[in-house]
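Just so it is clear, none of the values below were taken in a lab; they were calculated from the coordinates. These numbers come from a predicted model, not from an experiment. Quick reminder, even Gly has a Cβ in these numbers, built from the backbone with ideal geometry, and neighbours come from all protein chains shown.
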Amino acid sequence: MTLDPEMAEIAKVFFQESREGLDVMESGLLSLGATADTENINTIFRAAHSIKGGSATFGFAEVADFTHGVETLLDQMRNGVRPVTPEAIQTLLQACDCLREMVAATEAEKPHDKDRIAALNADITHILGEPPNQAPTPGAPSGTADAAAAQPAAANESSGWRIAFEPVVDLLRVRNEPTRMFAELNSLGAFTARADVSRLPPLDELDPESCYLSWNIEIAGQIPRARLDEVFDWVDSRCRLDIVPIGSCAPLLPEPVASAAAPLPANLAVAQRGPASGAPVQKTAGESGSIRVATEKVDNIINLVGELLITQSMLSGFADGIEPDDLDRLRQGLSQLARNTRELQESVMQIRMLPISFAFNRFPRIVHDLSRKLGKKVELKLSGEGTELDKTVLEKISDPLVHLVRNALDHGLETPDRRLAAGKHESGTLELAAFHEGGNIIIEVRDDGAGLNKAKILQKARERALIAEDQDLSDEQIDNLIFMPGFSTAEQVSDVSGRGVGMDVVRRNINDLGGHVQISSKQGVGSTIRIRLPLTLAILDGQLVRVGKEVYVISLLAIVETIQVARERVNTLAGRTEVFRLRDEYLPVVKLCDQFGVEPDSRNATDGLLVVVESDGKRAGVLVDDLLAQQQVVIKSLESNFKPVSGIAGATILGDGTVALIIDVPDFIREAVKRSGGAVTAHAA
Amino acid sequence: MVKRILAVDDSASMRQMVLFTLQGAGYEVLQACDGVEALDMARASTVDLVLTDVHMPRMDGITLVRELRTLPNYKFVPMLILTTESSQEKKMDGKSAGATGWIVKPFNPPQLLATVARVI
């Protein structure tokens, strides 16, 4: 594809626009199933139409050809000529997928998947080939051809043409100006026109906006008939027009009374004045690596920076020396600075925030396809799509969510007959909800399916020695066993889910995001999977803890509780590893002082505080000297500023300028559990 | 005097292509993304030519032409619709609504300029 640089730039807009158009088509098609409303089909049609027009304009012929079939089918659907069947919708959905790949391939200048295109084309042609509801709209295929076909083929070219042109009187009203047409004819060959003024009314009846003239035109030269048709193309329904080769027959109009050159109609163009204010076309961002930010958010930041500058200049006035009277103003300035800085930080963070609809949007399609495949009826409900979270978190949570939804459809929801047998509505409900809760984002995947089979889970867990034979677990703990590695209760391995990997990967991904996942389920009623995520990865809600003179940060999300330790509940294993018995559960104790080689107030587990942390379903106690403040800390990467250090997730700078290390809880727990060997049973919740 | 053209299309890439081509040829270009917006713009200022797509949300191109023709300032302004070769009936609809002519999609920049030159 050779486009000049400017056009290549515009083609980028086309690619982005096509992707958006395809999203519109897809969601439109998915909702078509329920109601076949005209406006919806129109919207889908327009999207297809734009893709076709654009791809043809930019010379992407394969895309244009393929879209043509899609467009034709949609056109027939919106005209009510073609029924909207589930099969047709399915084909159109596949066509959307195919187009999406074609657009991507075109953009990457890679070859298209020709077999797939051909197969889908055949499907579409097949649907189009079926007898329609009623007579197909006439003249749908290339309309320009029939005009030419109607003309005698022999008279395609001659040494000249004689044209009789008698326009309707209101020709000028739509601004078809004979003078312009004549100028064009003149450029084709030697041209003469004689005006016929016989239709001219008396002056007092003359309407200055009407055209009363007709013309007899002769044009000499080897001019293809098609060129003449082109000139008269726009007016052929607004005139009597006869075009004959010179010498074949007499002029068709009566000889003109006056043979003056055609009087030019008054130029009625309206004078133009004033500045042009072409609205700039909004440039759309690429798929990743860039974010489309609402202008409002950027404006907000610009405002705040302005405020900061004002405060700064106010404070710099004190540089010359502070008088006691200035103290109040200084305090005022500083508090203003603090407020502005905080607001600025929030605003900048906002830039990275995207609504979760970016992740939710793929689910209608996934659920549609999957429920078809599984023969289940599912109603998908989305709520809280506007809830915003950090772009990175959003991108990373997308795949785990897909997994959870697939699981819910495959294992959770029952087939229609089983649902009816259980006294439920035949179509199951799958809900995806997102909302804020205490500075975190909660995403819930709820289904009203069969729920987890606790007996089966227990049996499986024992079989695989994931828990001890005699271990007593609460219902909640049993449910959450499904997040253990290598756990799958699917009786049959299907290609949808149930390969035994999955839930543990889901949990690990979520933990890596600093989040937490748990499931609660009631047999016969349904399951709810609850994911708790931090709003962002750049800022952490931290608990500052002190060990000796050092301050460390532990993520609040990871902290379960903090307790003062009673001596009798600390046991020593193998003479060195300490474990702590917390409500019948043994937690390995991690001493930060030993870990980092700092001098603590006390090495004795009973004198400090034990911070119970949890990750990946495992818990450990972290021994510290004191709890300090809870505060939001900005995470600075240790990796990019120094080098990766195990047990440390990053660092932050505290208010007094000192650096505090952020503890990598998952890493810590893994280490602690490993060191305590098999002596500590993994906690299952 | 620089001629001013109002280009109406719901597709940003088509608008950009038209804008790029026409501005390159020295025209002033106003842009609108549907009929409603175009009508507002047309009421606020005058133009020498209206170029409009047919299929657009809110108000289609045919309706736009019909509405514009009722405005005194637009009685004699040329209006061209952008249409696909397959829609002969759209051309007729356009004509009866008062369109001067049409440009058949797809078109390249020289074709666009040649067609525009036919009317202004």
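Send over the semi-axes of the range A:535-643's equivalent ellipsoid, whole angstrom and largest first, taken as the square roots of 5 times the C-alpha gyration tensor eigenvalues.
Sorted largest first and rounded, they come to 25, 16, 13 Å.
What value in Å³ per residue do you get for the convex hull of the alpha-carbon atoms in the range A:156-245?
Taking the convex hull of the Cα positions in the range A:156-245, it is 84 Å³ per residue.
Once every Cα of the range A:357-534 carries one equal point scatterer and solvent is ignored, give the base-10 log of I(q)/I(0) from the Debye formula at q = 0.08, 0.18 Å⁻¹, two decimals.
Calculated log10 I(q)/I(0) at the listed q: -0.24, -1.23.
Show which lysines lie in cross-link reach of A:Lys636 when reach means a straight Cα distance below 22 angstrom and same-chain residues fewer than eight apart are skipped.
Counting by Cα, and skipping residues close in sequence, A:Lys636 has these lysines nearby: A:Lys391, A:Lys396, A:Lys549.
Once you average over the residues of B:65-74, how many Cβ atoms of partner chains fall within 10 Å of each Cβ?
1
Kirkwood hydrodynamic radius (Cα pairs, Å) of the range A:5-129?
Answer for the range A:5-129: a Kirkwood hydrodynamic radius of 14.5 Å.
Would you calculate the convex hull of the Cα atoms in the range B:1-57 and tell me its volume per residue in Å³?
Cα convex hull per residue, to the nearest whole number: 61 Å³.
In what order do B:Met92, B:Met41, A:Met503 fall by count of nearby beta-carbon atoms within 10 Å, going from fewest to most? Could you put the intermediate results ahead of the total?
On the way: B:Met92 14, B:Met41 18, A:Met503 25.
Going from sparsest to densest Cβ surroundings: B:Met92, B:Met41, A:Met503.
Please arrange A:Met484, A:Met77 by how many other C-beta atoms lie within 10 Å of their C-beta, fewest to most.
Details: A:Met484 20, A:Met77 23.
Fewest-to-most Cβ neighbours within 10 Å comes out as A:Met484, A:Met77.
Rounded to a whole number of µm²/s, how large is the Stokes-Einstein D of chain B at 20 °C and 1.002 mPa s, given Rh as the Kirkwood radius over C-alpha pairs?
Reported coefficient: 155 µm²/s.
Just tell me how shielded B:3-12 is by partners: mean number of partner chain Cβ atoms within 10 Å of each residue's Cβ, no decimals.
Taking the mean over all residues of the peptide, I get 5.
Can you pick out the pairs among A:Lys12/A:Lys373; A:Lys12/B:Lys105; B:Lys3/B:Lys90 whose Cα atoms lie more than 24 Å from each other? It would help to have the intermediate numbers written out before the result.
Working: A:Lys12/A:Lys373 36 Å; A:Lys12/B:Lys105 19 Å; B:Lys3/B:Lys90 27 Å.
Flagged as over cut-off: A:Lys12/A:Lys373; B:Lys3/B:Lys90.
What are the semi-axes of the equivalent ellipsoid for the range B:38-92, taken as the square roots of 5 times the Cα gyration tensor eigenvalues, largest first, in whole Å? List each step's numbers first, then the result.
On the way: eigenvalues 82, 28, 17 Å².
Output for the range B:38-92: semi-axes of 20, 12, 9 Å.
Provide a whole-number value for the mean count of partner chain Cβ atoms within 10 Å of the Cβ atoms in peptide A:169-179. The partial results should precede the final answer.
Details: counts 0, 1, 0, 2, 5, 15, 15, 7, 6, 0, 0.
Per residue, the average neighbour count from other chains is 5.
Using only the Cα atoms of the range A:296-355, what semi-axes does the equivalent ellipsoid have when each is the square root of 5 times a gyration tensor eigenvalue? Give whole Å, largest first.
30, 10, 6
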